[in-house]
Structure formats: C-alpha cells, structure tokens
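Written out below as structure tokens is the structure these notes cover.
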Amino acid sequence: TGRNVQVRVSMGQNTPPEKLAIKMEGIIDVGLLRDFTQQVETASGKLRVVAEVKGSVAKPEFAMELTDLKPNPFIAATWSPLTIGLADVRPAFRNIRLRVLFEDGRLVVDSFAADKGSGTVTASGSINVSDEGGEESRLDVALNDATVSVPVAVLKSFEAQLKGSVSVTGRGVPYKITGDVEIARARSTSEVDIRDEIINALRSQSFTAA
C-alpha cells in the first residue's frame, strides 16, 4: 500500500503446485501513467483492479477486471472523475466510465464512455491478444461530436469535431479499420511572429523593385 497504489491479496483454497487460488483487489491512481510515458499529459482519478490467478503452477489461468472507481460517501472528499490526456490526441478524455476484462487471452471492453471536448466517445468489443488463433477481434467506437485536436507540421494544430462510427477488426496486427466519420466542424491555428512577417514582406518588395 502506498500513496498511489492500494492492494489487498487474499488466498482461498490455495494448494500449489496443483491448485492456485489467489485474488488481488486494488485501487490505482492513474496519475502514475505520467511517470512512465511523456505521451500522457494529464491523468487523474483512480481505477479499481480485481485480478485472480487460478489453475495450477504448470498451467496458470489469469483473469483481471478494470473499472473506474465510483464515488461513495467514504471517499467523496478526495474522489475525482477519471481523466486521461494524450499529447497527440487532445483534448483529454474526461469523466471516463469503463469496465474492461482480461481472460482467456482476450481483452474485452465491456463498456467505455468518455467526454471528449464538446462531445463524447463510446466503445465496446474485444481484442484477441493471445499468440494462439481464436475469435476475430472487433472493437466498435462511436464518436458523437467528439473534439479531436492533433499537432500538424507548419500549423500549430488541427482541430475537428467528429461524428460517426469506426470498427477495428482482424486476427492480429495489422488490424483493419472501417467506418464512416463526418467532420462537422474544423479549424486550424498557427503561431506567427508579426515582426518577421513584416520584414519578409519588405524584403520581398525590395527584391521585386530591383
């Protein structure tokens, strides 16, 4: 247990090597993500983690569930909604609500919803992360007036308001992305030094006059 991580481990009828029965329950502050990658600009809120190890030592079976930590009277004073901001896909995903499962080599997004600028993003589906063959992966993403701002060369950024749906499918990398997305609104900005612009304009005129 620490400031950013709280973990409790319990064991049922755990009799290794024949039988494993280990359960871990914990709460993780997602602010830790900023310590691992510069791509995460902002991160606040907490995740609830429940993990289990079953099977045997020779053939362990691992399962995990991730959910956003819901508010309750005991943590109301310190609770904050789950927020994650990525440097290349601004603005941040705010008020994230999710339930993600990992079991039998599949990552299942049971539900995901987040505010994105003036709109929202939702997703559900599953991705096969096992080395062995299996069911095809399919992740469906819906954009409802979601704001997306990405850095662009020359321009400072390109911002768009997106509406539509996208599906990610396949049996491994590279995945296939299909769907229809409508750009409801778009704009771009750039940083300009007006002094340099005036000097460049004067120089251009002097060369023309010569």
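The table below gives the values:
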{"read-out": "Segments classed as strands (runs of 3 or more DSSP E), wholly inside region 89-191, with at least 1 members that are of a type outside the set (Lys, Arg) and closer than 30 Å to Lys54 by Cβ", "value": "89-103, 106-116, 119-128, 137-150, 157-170"}
{"read-out": "Checklist (1) open to solvent by less than 80 Å² (accessible area, probe 1.4 Å); (2) among the aliphatic types (A, V, I, L, M); (3) touching a residue at least 12 places away in the same chain (Cβ under 8 Å); (4) in a loop (DSSP other than H, G, I, E, B) applied to Ala58, failing item", "value": "(1)"}
{"read-out": "Residues (part of a strand (DSSP E or B), open to solvent by less than 50 Å² (accessible area, probe 1.4 Å), more than 21 Å from Leu20 (Cα to Cα) and touching a residue at least 40 places away in the same chain (Cβ under 8 Å)) located in region 61-88", "value": "Leu82, Thr83, Ile84, Gly85"}
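For (1) at pLDDT 70 or above; (2) within 30 Å of Asn128 (Cα to Cα); (3) open to solvent by 50 Å² or more (accessible area, probe 1.4 Å); (4) out of contact with any Lys or Arg (no Cβ under 6 Å at 6 or more places or on another chain), each residue gets a yes or a no:
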site	(1), (2), (3), (4)
Val141	yes, yes, no, yes
Lys156	no, no, yes, yes
Ser165	yes, yes, yes, yes
Tyr175	yes, yes, yes, yes
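The values are calculated or read from the model by the stated rules, or taken from the named source; none is laboratory data. Here the structure is a predicted model, which is why all the values come from computation and not from measurement. Glycine gets a Cβ as well: all are built from the backbone with ideal geometry, and neighbour counts include every protein chain shown. Calculation scope for accessible area: heavy atoms of the full protein, side chains included, ligands and nucleic acids excluded. Shrake-Rupley method; radii C 1.70, N 1.55, O 1.52, S 1.80 Å.
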